[in-house]
Amino acid sequence: MNPFGGGSLFRWMAFIFGLMLVWNIFALRPTPTTISLPYSTFLDQVQAGNVERVELNDQRVEGVLKRPVAAGAGATISGGSPFGATPSEATDFTSTIPGVGDLELLPLLRAQGVEIVASVEERSLLWSMVLTFGPVLLFVGFFVYMMRQQNRGQQGVFSFGQSRAKLNSGGDRPTVTFAEVAGSEEAKRELTEVVDFLKNPERYQQLGAKIPRGVLLVGPPGTGKTLLAKAVAGEAGVPFFSTSASEFVELFVGVGASRVRDLFDQARRNGPAIVFIDELDAIGRQRGTGMGGGNDEREQTLNQILVEMDGFETSVMPVIIIAATNRPDVLDPALLRPGRFDRQVTVGLPDVRGREAILRVHMRGKPVAKDVDASIVARQTPGFAGADLANLVNEAALHAARHSARMIGVQHFGEALDKIVLGTERPVLMNEHERKVIAYHEAGHALVSSLLPESDPVNKVTIIPRGRALGVTEYLPEGDRFNYSRQYLRTQLATLFGGRAAEQVAIGEITTGAENDLQRATQLARRMVGRWGMSEEMGLLFASEGVESPFLGREMAGPRDHSEATAARLDEAVRKLLEERMATAIGLLTKNRGILDRLAQALLDHETIDRQQVEAIIRGEDLPPPPVGGTPIPSTQVERVNPIAMPKPGIAVV
């Protein structure tokens, strides 16, 4: 360990700089101008009556002349300001009496009437000791400091394998309770039994019951898994150890296992206790699946966790392990078996009632206007996790502060929702032809969706660029969907093709604006044909080309479970389904060309139209003229795609 590393180096540099500064201050300060006279010249000045006062100290003579004497003939001048020129003459002088002495000096001084002062140089005992032993003490102190730094470095090496988990006990114990956790009622009911066991273990032990050793919280990111673990510790009132799985893994093999042993030893000494391990998949991945057969350090750490949770020796003190992950599909089977993680508590995305409760928790203590209804905001945010809702409330507060408002109103929530889902408005200079293409594209999405059954209502259509999109069509579902019918999915496919079909019908040319629509439609059609058995050509055959993450909602490449011939049939069935839905969209827009033109013109005039305006145009009603300056009509109702379920095309972008 470097003794001069980190803060020590800074302190030493500051100390040295301070010494140099003090030295320069004393060295550069002005000193009296003094002339050094040879002894013979000093006697000549005495005999000439030019000496006013002398101070005799052993062989040294210091005094003051009546008239200045110039330098020369062995006399030198010193002192004065370091920034100015040295004077050529001076009245203060110094000289040295010869070692053999001069018996005639004192009579001569008395004869010339010179004031004589005699002094003896006395050095204090303390100053003598400092000058004698000071350097030795400085050297010994520096040596002791170096040794202490070296010992501290060695102690750091020996503590390398100690657990870095943070212990929260006494006053530091989490104060979060289940009352402050909203939107996870099922998970709270599961964890209530764990809390009851920690509070009243005798009731269960008398009946021979054993509390689960481990509870695994699984769910998408941001759903409150860590908050639930804190609530368990806060309700039970026991010591709470919190750490991340990545803190166990180091460069050196064996360090992770040592830290696991140390963590469980501390937990048993403080038992009953709760150990919370966040992101368990960092060390809990299935063994032997890495490059070259696996990672030795990670697998040794996992083996030590398995032994500590349910090995040869069982702990007397109850230590409950609560772990969290959003990738339960990659965990090692030995970690999930009974006796280790007996229970898996799914912490999913909240429903509309859960979102309302979460919003009320985050609105608590904030100046929210009375016209803000949490139930309406909850209905506008399907698919939002708890962290998303907290971010929504914070963004609304930021918008309110930006507008110098005293209360957080409905318009601020609307602006925050648009920013989170769609991105910030960005000015893009477009010519009239490009604006017309985008207007027809978005009008096509809105019209096809409005004309087909089982479609989510159109909530807002805009051609104002936001984020990476040049135009947006938004939908507001009537409620949370957990299952999708074939007719609903076919409607979604036709709606996705509405933009491309409108370009083809009204403009007579297709553009690159439908890239995102084509990508999402192809993915949806491939799932309908290969996963959900919604194609007559493929029947009930399940033909997937990847493994889908249960919570992240995306596929990862995997081995193909069907032949090349089946893959060709699947591709043909997907292409046929897409072409059929494209033809449906073109037919609807061709038949209702007049409505399509009016929708596009309304977008060119207003830039943003809401649900009521879209319905009025479809009924054949005329819209009032746009406001002065072209200010778009505000709208706060937006729809968020559910990341767990099938990627529902709720937002169509150009």
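For Thr33, nonlocal amide neighbours, meaning residues 5 or more places apart or on other chains whose placed amide H falls under 5 Å from its own, are Gly80. Across all Cα pairs in the range 385-475, the calculated P(r) in 5 Å bins from zero up to the longest distance comes to 3, 13, 18, 17, 18, 14, 11, 6, 1 percent per bin.
Here is the link list: Lys225/Lys366; Lys199/Lys225; Lys188/Lys370; Lys436/Lys591. Which ones come out longer than 27 Å on Cα distance?
Lys188/Lys370, as the Cα separations exceed 27 Å there.
Taken over the Cα atoms of the range 355-422, the convex hull encloses 73 Å³ per residue.
Coordinate-derived values only; no laboratory data. Bear in mind that the values here come from a model prediction, so they are computed numbers and not experimental data.
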